[in-house]
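Here is the structure we will look at, set down as structure tokens.
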Amino acid sequence: MTFHYIKVWDGWVRLNHWLILVLMIVSFATAKAHRMDWHMLSGYAILTLLLFRLLWGLFGSENARFRHFLGSPGAAFRQLGKLGRREPDTEVGHNAAGGWMVLLLLALLLTQAVTGLFSYDQIFSRGPLARRAPEWLVDLASSIHVQNFYWLLGAVAVHVLAVGVYFVAKSHDLLGPMIHGVKKLPVDVAAPRLASPALGLGLLGLSAAIVWGITRLRIGL
Ligand code: HEM
């Protein structure tokens, strides 16, 4: 079989991925160190990246779009059933099982960031929307914000383990393409259509503006 190298992940997907990883560590460290000013800034940055990733999943590069990588649950189970089979990688995006994992990670990250907006530590640190929300909602959001983090860590552990299993069981290198963007695939696999950098910049700006708007909501209260 002959292979060629094609660009599978655009810079936006890769930058988004690794920035979220760094910011998750920053958020954890700043919460532990009680530097809530930095913790909130890190949370706003994560929320911006998540909003951007949702928009990129609708309007961005072909293989980054949700409809490209979200198949039926049956397809996901069939994919997992083939885990022990050694065959060349033919994916230009997430495979059917990986797509659901991506959705879970994004949902848990979004839950973490949104509950942070409503959280109150009962001392002096409040998310920008905590003053506007009823007490029961603030209590609920604060408790989810603490507990969801452990679910998120569990999902990240499964995610990293899955990348390792694909490498060991199938010799599929998923990590390299998430770093440099390029994958070695059979010649009959066509390269995905990548969206323009200008669109990425515009959607990132829009996401940042929305998050900035949310942080401003506390003014006057
Ligand atoms: C905080 C930790 C992490 C989070 C929240 C996270 C989340 C995600 C998300 C949301 C995606 C989908 C990317 C997209 O379509 O935009 C993804 C893909 C990916 N992640 Fe992570 N990730 C984390 C850590 C890691 C680490 C440490 C590795 C290294 C082993 C890794 C390797 C990958 C790879 C290789 C893919 C692409 C998988 C594929 O080709 O289907 N991730 N990750």
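The values are calculated or read from the model by the stated rules, or taken from the named source; none is laboratory data. As the structure is a prediction and not an experimental result, all values here were calculated from the model. Reconstructed Cβ throughout: ideal geometry from the backbone, glycine too, with neighbour counts over all protein chains shown.
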Original post:
Quick check: is even one residue across segment 76-83 of a type in the set (A, V, I, L, M, F, W, C), closer than 24 Å to Leu161 by Cβ, surrounded by fewer than 18 Cβ atoms within 10 Å (Cβ to Cβ) and away from the ligand (no atom under 16 Å from the Cβ)?
Top reply: yes
**OP:** Please specify each residue of segment 185-220 satisfying the condition of being surrounded by 15 or more Cβ atoms within 10 Å (Cβ to Cβ), touching a Pro at 6+ places or on another chain (Cβ under 9 Å) and not in a helix (DSSP H, G or I).
**Re:** Leu185, Arg218
Original post:
Where residues in segment 1-19 are among the β-branched types (Val, Ile, Thr) and either closer than 11 Å to Val182 by Cβ or more than 10 Å from the chain's Cα centre (by Cα) (or both), which of them is surrounded by the fewest Cβ atoms within 10 Å (Cβ to Cβ)?
Top reply: Thr2
**OP:** Would you be able to tell me the number of residues in segment 20-46 that are within 13 Å of the ligand (Cβ to nearest atom) and surrounded by 16 or more Cβ atoms within 10 Å (Cβ to Cβ)?
**Re:** 7
**OP:** Test each condition in (1) more than 11 Å from the chain's Cα centre (by Cα); (2) surrounded by 15 or more Cβ atoms within 10 Å (Cβ to Cβ) for Leu49 and report the one that comes out false.
**Re:** (1)
**OP:** Return yes or no: is Leu129 surrounded by 15 or more Cβ atoms within 10 Å (Cβ to Cβ) and either within 16 Å of the ligand (Cβ to nearest atom) or outside any helix (DSSP H, G or I) (or both)?
**Re:** yes
Original post:
Which residue pairs have Cβ atoms closer than 7 Å, lie 6 or more positions apart in sequence or on different chains, and pair a first residue in segment 172-193 that is over 10 Å from Val92 (Cβ atoms) with a second residue that is hydrophobic (A, V, I, L, M, F, W, C) and modelled with pLDDT under 95?
Top reply: Lys184/Phe3; Pro186/Met1; Pro186/Phe3; Val187/Phe3
Original post:
Is it the case that Ala75 is more than 20 Å from the chain's Cα centre (by Cα) and in contact (Cβ under 8 Å) with a residue 12 or more places away in the chain?
Top reply: yes
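Quick one: would you say Gly176 is modelled with pLDDT of 95 or more, under 20 Å from the mean Cα position of the chain (by Cα) and away from the ligand (no atom under 11 Å from the Cβ)?
It is false that Gly176 is modelled with pLDDT of 95 or more, under 20 Å from the mean Cα position of the chain (by Cα) and away from the ligand (no atom under 11 Å from the Cβ).
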Original post:
Filtering segment 141-155 down to residues that are more than 16 Å from the ligand (Cβ to nearest atom) and exposed (fewer than 15 other Cβ atoms within 10 Å of the Cβ), which residue is farthest from Phe28 (Cα to Cα)?
Top reply: Ser143
Original post:
Name the residues in segment 85-104 that are surrounded by fewer than 18 Cβ atoms within 10 Å (Cβ to Cβ) and either in a loop (DSSP other than H, G, I, E, B) or more than 16 Å from the ligand (Cβ to nearest atom) (or both), would you?
Top reply: Arg85, Arg86, Glu87, Pro88, Thr90
Original post:
Checking Ala107 against (1) in a helix (DSSP H, G or I); (2) in contact (Cβ under 8 Å) with a residue 40 or more places away in the chain, which single condition isn't satisfied?
Top reply: (2)
